[in-house]
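The values are calculated or read from the model by the stated rules, or taken from the named source; none is laboratory data. All values derive from a computational prediction rather than experimental measurement. Virtual Cβ from ideal backbone geometry, glycine too; neighbours counted across all protein chains shown.
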Amino acid sequence: MQPKVSVVIPVYNQERYVEECLAGVLSQDLGEIEVFCIDDGSTDSSLDILESFERRDDRVKVVSQANQGVSAARNLGIAQALGDFLIFLDPDDYYPADDILRKLYSAAVENNALISAGSFSIYDEGKDEVITDFSGLLSGYTFSEEGFVRYQDYQFDYGFMRFMFKAEFLRKGNHYFPPYVRFQDPPFLVNSLIDAKGFYAIPDVVYRYRLGHQLIEWSRERQLALLAGLADILKASAAHDLSRLHALALRRLEEEYGGVFYWAIRDITVFKALVYVNSLINVDMLPEEYRSCEEKGSLWERLYLIKPLSQQVDNAAKWIQDISDLQGAVLAERGDKENTRKELDDLKANPLVRLALKLRRS
């Protein structure tokens with residue numbers, strides 16, 4: 001019998017959390033499920049834990065592959081999982097209740113929806129605190145009421161794990177995760193929701209994201225991946241006239257990730273990618289406060305610059321001015337010395353001075 005839902009779990013070195021994660025999935029009150037686990041070349045005991053669950057419960061299927069990254073692992077799940085619907089779960093996260101899969105599945109099937117979704121939550125390990133209220137850049141994490149949501153009205157990009165997708169819809173639409181080491185899930189979610197045109201939402205909290213144990217080192221590869229993902233969203237939002245999503249992508253780069261790129265000028269490859277992302281911004285799609293140049297000076301009147309790039313341009317302009325000032329000081333000093341030398345040479349040419357010098361040496 002075909003499973004109603006496949007839970008796709010990519011696993012890489014998560015021995016600390018994966019047992020709790022799997023136990024939570026298998027305790028769901030929707031029985032007809034498949035737990036499709038992809039071990040992505042773990043070097044700890046994660047694979048042993050997965051295989052022990054596979055031996056005890058025939059709903060668990062384990063696939064092992066050499067390390068290829070989380071996108072490749074999730075894409076394998078999309079391609080091979082047997083469930084009518086797919087949902088994604090990270091092994092260090094968990095479901096906050098035992099009825100999550102049933103509620104999302106029922107919402108999709110009973111309303112003939114390609115995608116269903118619920119609200120998001122965060123468990124802060126350091127504070128031992130659960131967060132369910134979000135605002136600002138994260139305001140799209142929750143739903144206040146049940147019903148169909150048009151993506152034209154939603155225009156949000158985070159929290160793909162709280163969405164359940166019709167498997168056939170993903171495969172036929174070629175909706176797979178791009179091969180980025182960071183920020184691969186927002187483009188996946190955005191493109192899927194644009195294609196589906198919307199989804200059926202329930203206000204229930206359906207996902208618990210664990211915060212506090214991850215440490216992200218923003219290497220060149222990760223910076224480039226983040227910029228590639230943001231570029232995908234800028235292009236998709238421009239192509240489909242999603243102005244709020246377009247502005248949201250810009251705000252993510254300026255407010256959420258601006259600090260990551262402050263020193264981008266040190267790496268020419270990252271700097272070029274930052275310039276490319278800037279070129280994708282359609283200023284006409286942005287709110288008035290972005291388009292106004294009155295308080296941004298002559299530079300902003302000539303072209304639009306995202307904040308990290310404008311910081312670098314401002315820095316470069318200051319450095320050029322400093323170098324120019326230094327050059328002027330050096331030339332001025334050299335000019336003074338050259339003038340003094342000429343005056344001395346002229347003085348030495350005077351016969352009386354020459355005689356005085358000769359008498360002094362004698």
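Could you check segment 11-28 and list, in sequence order, the residues that are more than 19 Å from A66 (Cα to Cα) and charged (D, E, K, R)?
Once the filter is applied, which keeps residues that are more than 19 Å from A66 (Cα to Cα) and charged (D, E, K, R), segment 11-28 yields R16, E19, E20.
Given (1) assigned to a loop (DSSP other than H, G, I, E, B); (2) in contact with a strand residue (DSSP E or B) (Cβ under 6 Å, 6 or more places away or on another chain); (3) surrounded by 15 or more Cβ atoms within 10 Å (Cβ to Cβ), identify the lone condition not met by L30.
(2)
Quick check on Y141: is it modelled with pLDDT of 95 or more and in contact with a strand residue (DSSP E or B) (Cβ under 8 Å, 6 or more places away or on another chain)?
Numbers: modelled with pLDDT of 95 or more: yes; in contact with a strand residue (DSSP E or B) (Cβ under 8 Å, 6 or more places away or on another chain): yes.
Answer is yes for this residue.
What is the residue count in segment 1-20 for residues that are of a type outside the set (S, T, N, Q) and outside any loop (DSSP other than H, G, I, E, B)?
Start the filter on segment 1-20 by keeping residues that are of a type outside the set (S, T, N, Q), which leaves 1, 3-5, 7-12, 15-20.
Filter again for outside any loop (DSSP other than H, G, I, E, B), leaving 5, 7-11, 18-20.
Within segment 1-20, residues that are of a type outside the set (S, T, N, Q) and outside any loop (DSSP other than H, G, I, E, B) number 9.
Conditions: (1) among the small types (G, A, S); (2) farther than 19 Å from G24 by Cα; (3) within 28 Å of the chain's Cα centre (by Cα). S121 meets all but one. Number of the miss?
So S121 meets the others, but not (2).
Can you pull out the residues in segment 160-192 that are touching a Gly at 6+ places or on another chain (Cβ under 9 Å) and under 22 Å from K4 (Cα atoms)?
Correct list: R162, F163, M164, A167, L189, S192.
One line per residue, one yes/no per condition, for (1) closer than 20 Å to V5 by Cβ; (2) modelled with pLDDT under 95; (3) part of a strand (DSSP E or B):
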| position | (1), (2), (3) |
| --- | --- |
| L22 | yes, no, no |
| C37 | yes, no, yes |
| E51 | no, no, no |
| S71 | no, no, no |
| I78 | yes, no, no |
| I87 | yes, no, yes |
| D90 | yes, no, no |
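So N67 passes all but one of these: (1) surrounded by fewer than 15 Cβ atoms within 10 Å (Cβ to Cβ); (2) assigned to a loop (DSSP other than H, G, I, E, B); (3) out of contact with any strand residue (DSSP E or B) (no Cβ under 8 Å at 6 or more places or on another chain). Which condition number does it fail?
Here N67 clears every test but (3).
When segment 187-243 is examined, which residues are found to be in a helix (DSSP H, G or I), of a type in the set (G, A, S) and more than 15 Å from the chain's Cα centre (by Cα)?
Within segment 187-243, S192, A196, A236, S237, A238, A239, S243 meet the criteria.
Of the residues D153, D92, D124, D84, which single one is out of contact with any Leu (no Cβ under 9 Å at 6 or more places or on another chain) and within 19 Å of Y209 (Cβ to Cβ)? Give the steps one after another, and end with the answer.
Working: D153 fails: within 19 Å of Y209 (Cβ to Cβ); D124 fails: out of contact with any Leu (no Cβ under 9 Å at 6 or more places or on another chain); D84 fails: within 19 Å of Y209 (Cβ to Cβ).
After ruling out the rest, the residue left standing is D92.
Out of all the residues in segment 132-155, is one or more assigned by TED's automatic domain parsing to the domain that holds L89, closer than 30 Å to D40 by Cα and charged (D, E, K, R)?
No.
Consider E15 carefully, then state whether it is in the same structural domain as D185 (by TED's automatic domain parsing) and modelled with pLDDT under 95. Walk me through how you get there before you give the answer.
Numbers: in the same structural domain as D185 (by TED's automatic domain parsing): yes; modelled with pLDDT under 95: yes.
Judged against the criteria, E15 is a match.
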